[in-house]
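Each value in this text was obtained by applying a stated rule to the coordinates, not by laboratory testing. Everything quoted here is computed from the prediction, not taken from an experiment. Virtual Cβ from ideal backbone geometry, glycine too; neighbours counted across all protein chains shown.
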Amino acid sequence: MAVNTDAIGKTYPPTHYAVGREKVKEYASAVGERNPIHLDHEAARAAGFADVVAPPMFAVVYSQPSMLPGLFDPDLGIDFAHLVHGSQEFRWGPLVIAGDEITTTLAITDISERGGMGFYVFETDSRNQNGETVCVGIWTNIVRTG
Amino acid sequence: MVAGDTFELTVTPDRYLTVRYAGASGDFNPIHIDEEFAKQVGLPGRILHGLWTMAQVARAHTEALGGPDKLERLSVQFRGMGVMEEEVVVSGTVREVDSERAVVQSQATQNGKRIIRNGEATIRL
């Protein structure tokens, strides 16, 4: 079964995410962060930040809403029963702080087939309220096409 | 920091970790939180979220190399599957250092099997 490559280059409307103090603390706890700037807003302020600092991998949280229209796009036709997360890259800019407003845009940058599997490469570009790119994510989703 | 420096982080996810991480991250794929569902789709049981394991790789770098602002880039490949109640070992090796940046290679293993391989990071100095 050949994959449909027509959606290469497709982009989706931006999504918005308001970074909350308690969400950052919850995420930081779940991934075992021990640096108090992620867990305690007083410690973060003492270190010179306006509020708790999101760990770099918090990018997963603020960019996730942007992924859903792509994952469920009938133009891609991704088969969830055979979906595997193959690889992941993030490139980070300025730190994200509770109180930031993040806008993320999704693009489908590549679709290909190798060894009977479909490779769907999603790229997310996340910017803060000042227009600075805080994170670019490259998400490679693999679907066994049979 | 010089080429050849190494660091390691070990962490043992408890049996409810994937439930907490699902809530914290918003990834509620049932293969991570529903034992019966996971078995129905041919897995041995609930498995770790790959992005949780990647977060351990990221944390190994930020704890060893100077804080979250130092991590400029991290890429990984996911392989196999991670499970709860078994120790995860993240190991990293500094490969190159110049005046502004370092390049670090890393992996994560569980029971000697790599669950993340070809980790590569760029660190701001």
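Mind checking the angle between helix B:50-65 and chain B's longest principal axis? C-alpha axes, 0 to 90 degrees, to the nearest 10.
That works out to roughly 30 degrees.
Angle between the Cα long axis of helix A:21-30 and the longest principal axis of chain A, 0 to 90 degrees, nearest 10?
Computed tilt is about 70 degrees.
Would you be so kind as to identify which of B:Leu9, B:His61, B:Gly45 lies farthest towards the positive end of the dipole of chain B, taking Lys and Arg as +1 and Asp and Glu as -1 on Cβ and the Cα centre as origin?
Toward the positive end, the furthest listed residue is B:Gly45.
State, to one decimal in nm, how far the label point of A:Asn130 lies from the label point of B:Phe7, with both points 7 Å from Cα in the Cβ direction.
Inter-label distance under the simple model: 2.5 nm.
How large, in Å, is chain B by the Kirkwood hydrodynamic radius built from its alpha-carbon pairs?
15.2
If packing is taken as the mean number of other Cβ atoms within 10 Å per residue, what is the order of A:105-116, B:22-33, highest first? Please report the intermediate quantities before stating the final value.
Working: A:105-116: 15.1, B:22-33: 17.3.
Ranking the peptides A:105-116, B:22-33 by packing returns B:22-33, A:105-116.
Label A:Glu123 and B:Gln40 with points 7 Å out from Cα along Cα→Cβ: what is the distance between them in nm?
Reported label-point gap for A:Glu123 and B:Gln40 is 3.9 nm.
Rounded, prolate or oblate: which one fits the protein assembly as shown, using the alpha carbon gyration tensor with axes a ≥ b ≥ c (rounded when a/c is under 1.5, else prolate when a/b beats b/c, else oblate)? Kindly include the intermediate steps, with their values, before the conclusion.
Working: a/c = 1.42, a/b = 1.23, b/c = 1.15.
Verdict is rounded for the protein assembly as shown.
Which FRET efficiency value, to the nearest 0.05, is calculated for A:Val84 and B:Ser99 with the Förster distance at 41 angstrom and r the Cβ-Cβ distance?
Once rounded, the FRET efficiency stands at 0.55.
Would you kindly compute the Cα radius of gyration of the stretch A:1-123 and its largest Cα-Cα separation (Dmax), both in Å?
In order Rg, Dmax, the Cα atoms of the stretch A:1-123 give 17.6, 58 Å.
Using the Cα centre as the reference, give the magnitude of the dipole from point charges on the C-beta atoms of the protein assembly as shown (Lys, Arg: +1; Asp, Glu: -1; all else neutral), rounded to the nearest 20 debye.
Numbers: 24 positive and 35 negative charges, 77 e Å.
The dipole of the protein assembly as shown has a size of about 360 debye.
About the Cα centre of chain A, what is the dipole size in debye to 20, counting +1 per Lys and Arg Cβ and -1 per Asp and Glu Cβ, all else neutral?
Numbers: 10 positive and 18 negative charges, 46 e Å.
Using only the charged Cβ atoms, the result is roughly 220 debye.
In nm, to one decimal, how far is the modelled label at B:Asn29 from the one at A:Arg144, with both set 7 Å along Cα→Cβ?
That separation, rounded to one decimal, is 1.4 nm.
Using Cα centres only, tell me the gap between the stretch A:37-77 and the stretch B:46-125 in whole Å.
Centre-to-centre (Cα) distance: 18 Å.
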